[in-house]
Amino acid sequence: MTRLSDEIIALSDDYVLGLLTPAEAELMEAIIARDTALAQRVGALRDQLLPLDLSADPVTLPDGFTAKVLRKLPTQDLEEAPSSGAAAVVAANAPGAPGRRALGLIAAVVAGLALGIGFTGMRPLPAPTVVAVLVDADGVPQAVIDDYGNDTATVRFVADIAVPADRTLQVWTLPSQDMGPTSLGTLDRTAPTLLNFTDLPDPGAQQLYEVTLEPLGGSPTGRPTGPIIGKGFAAPQV
């Protein structure tokens, strides 16, 4: 398994929180598209923050808010050497800070090229056709499904779900009323999972997805029979 450096981990946190500049974010996305371990970390962090995103109400910042915050942040002359011999601390709003982060990103790309896993060695991860956030009866997010429209989807859980030893989680979608509920796959635990299936049309807006708790091995009828863990409707991404 790839071990991520502390610097790249910190940069991935900044990326998810929206703290990178547009140029840094673009470079970070190029690295994520070619590093499975980093992509998994970014996806997991987004899932952890999703309940907060969905529960927070938008707030309009007052005029002058950004300038007021910047005035309170410490600054330092980038050419001024620290007197104690300790490493210099560069404030987040200092002119050199974004450039220093970008150097870390470039170093990651160079390291990837040196290991033979650079831009020509791996294909970017595809963008999902639709994304569905599955919520329980109380509206609490339970899982996120990315459907890529090519008989492939992923499911990631954002809540702790206990799966008894004699039960199986099963993922479903409703392509149309004529087809009825169709299984996308079964899971015995709530780890991020790649789902492969066949003979389904491309997913569409407002298509229903859900996860149910079924008997061990999956539904005996080919249709959902157990309690619904979470359900939601697809939002197009392309």
Q) So for E29, E210, what's the accessible-area order with a 1.4 Å probe, most first? A) E29, E210
Q: Return the carbon/sulfur percentage of the accessible area of the stretch 142-238, one whole number, probe 1.4 Å, all protein chains in place.
A: 50
Q) Considering only protein heavy atoms, what is the solvent-accessible area of F65 at a probe of 1.4 Å, reported in Å² to the nearest 10? A) 90
Q | Heavy atoms of L213 accessible to a 1.4 Å probe, total area in Å² rounded to 10 | A | 30
Q) With the calculation restricted to Cα positions, what are the radius of gyration and Dmax of the stretch 117-238 in angstrom? A) 14.6, 47
Q. Using the Cβ atoms and a cut-off under 11 Å, what net charge is assigned to the surroundings of G217, where Lys and Arg are +1 and Asp and Glu are -1?
A. -2
Q. I229's amide H: which non-local residues (gap 5+, or another chain) put their own amide H closer than 5 Å, with H modeled 1.01 Å from N in plane and none for Pro or chain starts?
A. V211, T212, L213
Q. What net charge is computed for the residues neighbouring L134, neighbours being all others with C-beta under 11 Å from the C-beta of L134, Lys and Arg scored +1, Asp and Glu -1?
A. 0
(Q) Counting heavy atoms of the protein chains only and a 1.4 Å probe, report the per residue accessible area for the stretch 146-215 as a whole number of Å². (A) 49
Q: With θ set to phi - 60°, apply the Karplus curve 6.51 cos²θ - 1.76 cosθ + 1.60 along the stretch 127-137 and write out the HN-Hα couplings as whole Hz, x wherever there is a Gly or Pro.
A: 8, x, 6, 9, 10, 10, 9, 8, 10, 8, 4
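The values are calculated or read from the model by the stated rules, or taken from the named source; none is laboratory data. Keep in mind it's a predicted model, so treat the numbers as computed, not measured. Note that each Cβ is placed from the backbone with ideal geometry, even for glycine, and that neighbours are counted across all protein chains shown. Heavy atoms of the whole protein, side chains included, go into the accessibility calculation; ligands, DNA and RNA do not. Shrake-Rupley method; radii C 1.70, N 1.55, O 1.52, S 1.80 Å.
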